[in-house]
Structures are given as structure tokens and as C-alpha cells.
Amino acid sequence: LTTAQKTGTGTAIARASVEDNGRQHPVRWNSGSWTGYVEAVATGTAFVRGRSDGGNLRNQRITDPNTVANWTTWATLVTGNVGTKLAIFYTGTYVVLVWFDLVSNELKWKRSSDDGVTFGATTVIGSLSGEPNDMAGVSGGASNSGIFYGLGADVYWRAYTPGTDTFAAASAAGLVATSVNSVAAAWDSANSRWLVALTANGYVAYSGKPI
């Protein structure tokens, strides 16, 4: 010990340093607001966002996140009868936006071949017994993209084939529950599998059926 440390009457000194462990901090805020439900996908050159708002379907393409106008400008794709939940995904070539039609009880979609700048005609995936509680788009390239959705007491998968611009028939996971109220999903390319997180109310069992 040094002489100062040995002195019983020395004054204690404490030095503190503050670190945030490399967390990112916002550098610009958008103070605007909007109503509705929003889903987004990254294409590598832009963020493409879909929004259900008062029964309408809107879209937005963000190429410069630091430009406020990118976040506040929306275009209307469909007017009327659009359900609350959406799904959007990117195949590596196409952006696909999926919604539920409240009048026809059909899942529908539009596809963009120019990175979300424009979207083509509306196409029907198929009829459902009611509006999904939630939907999630999966960006899994040309072979593993599609949507998961919670409907009633189960969660369903529909694979998308870019070459024919079609969705496969629904495949149920085989849950035994009261309802599936929220769904999130992603393609795990390292292990060649889909990862699905969901909220299953009244969960009893899972049949183990592969999706």
C-alpha cells in the first residue's frame, strides 16, 4: 500500500463512469401520427410499409429514413373493406402485401415487381371462415416465403411461389387452444426452418404436425 492508502484519516474518493453498452440512440424524431395497423419489410434498398386504416389499404416506401417526408407520405392501394391485420414479405424479387376483405371473407394480395414503387392488380388467395386474428409475412427467398395467420384456435401457413405468383393451400399447425391472437414469424436460413412465435389462449396441446 502507498503511504496515502495507509493513512487512516484519508479522504475517500469514488469515480463513476457511465456506459450504454453500445446501444443505438435516435438522432431524429418524427412527431407526426397516424391511425391504423402497420407492417413493414426491408428489401435491401428500401423499407416498404403497408397500413390498414379505417378499412383502406395504404402503402409507403422509405428510401431515406432521415427524410421526414418518407415517413409521412402514404398512397392508397385499396379503398374500403380492408381488415385490420396485414402481412408483407419480400422474396428477393417481389414485395407481396396480403390483407383480408371484410365483405367477401377472402384473403387477397398485391405484388410489386419494382421494389415497392408500384403494386399490381388484386388477386384472391382464398376464402376464410372469418377475419384472422393476426398475420405475419415471412421473407424466405424464392422457396420459403409466405404467410402465417391465426384463425380460430389454430395457426396456418400458406407458402408463396414467385414463379407462378400463387399461394399454396393452407396448412394447419394442429394446435389445441381456444384462440390464436397474435403471430410473428421468420425464416431461419441457417437451420432451414420457420420460426413462429404466437399467443395461444386456452392452450391445451400441440399435435406435433409439421407445417
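Some values worked out for this structure:
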item	result
Subset of the stretch 107-125 [assigned to a loop (DSSP other than H, G, I, E, B), more than 20 Å from Val38 (Cβ to Cβ) and open to solvent by less than 50 Å² (accessible area, probe 1.4 Å)]	Gly120
Filter result for Ser104 (assigned to a loop (DSSP other than H, G, I, E, B), without any contact (Cβ under 8 Å) to a residue 40 or more places away in the chain and small (Gly, Ala, Ser))	yes
Strands (runs of 3 or more DSSP E) contained entirely in the stretch 126-184, each with at least 3 residues that are at pLDDT 95 or above, among the hydrophobic types (A, V, I, L, M, F, W, C) and open to solvent by less than 20 Å² (accessible area, probe 1.4 Å)	134-138
Val78 under 16 Å from Thr123 (Cβ atoms), open to solvent by 10 Å² or more (accessible area, probe 1.4 Å), more than 18 Å from the chain's Cα centre (by Cα) and modelled with pLDDT of 95 or more	yes
Asn66, sole failed condition from (1) in a strand (DSSP E or B); (2) more than 24 Å from Trp157 (Cβ to Cβ)	(1)
Given (1) more than 20 Å from Gly141 (Cβ to Cβ); (2) of a type in the set (Val, Ile, Thr); (3) not in a strand (DSSP E or B), number of the condition Thr84 does not satisfy	(3)
Test for Asn191: is it within 20 Å of the chain's Cα centre (by Cα), polar (S, T, N, Q) and not in a helix (DSSP H, G or I)	no
Residues located in the stretch 133-190, provided they are hydroxyl-bearing (Ser, Thr, Tyr) and more than 16 Å from Phe100 (Cα to Cα)	Ser139, Ser143, Ser145, Tyr160, Thr161, Thr164, Thr166, Ser171, Thr178, Ser179, Ser189
Filter result (surrounded by 24 or more Cβ atoms within 10 Å (Cβ to Cβ) and out of contact with any Lys or Arg (no Cβ under 8 Å at 6 or more places or on another chain)) within the stretch 90-106	none
Conditions (1) open to solvent by 70 Å² or more (accessible area, probe 1.4 Å); (2) touching a residue at least 12 places away in the same chain (Cβ under 8 Å); number of the one not met by Asn191	(2)
Pair list, Cβ < 8 Å and 6+ apart or interchain, from the stretch 62-83 residues that are in contact (Cβ under 8 Å) with a residue 60 or more places away in the chain and of a type in the set (A, V, I, L, M) to residues that are open to solvent by less than 70 Å² (accessible area, probe 1.4 Å) and assigned to a loop (DSSP other than H, G, I, E, B)	none
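The values are calculated or read from the model by the stated rules, or taken from the named source; none is laboratory data. Bear in mind the structure is a predicted one, so any value in this text is a computation, not a measurement. Reconstructed Cβ throughout: ideal geometry from the backbone, glycine too, with neighbour counts over all protein chains shown. Accessible surface is based on the protein model in full, side chains and every heavy atom, while ligands, DNA and RNA are left aside. Shrake-Rupley method; radii C 1.70, N 1.55, O 1.52, S 1.80 Å.
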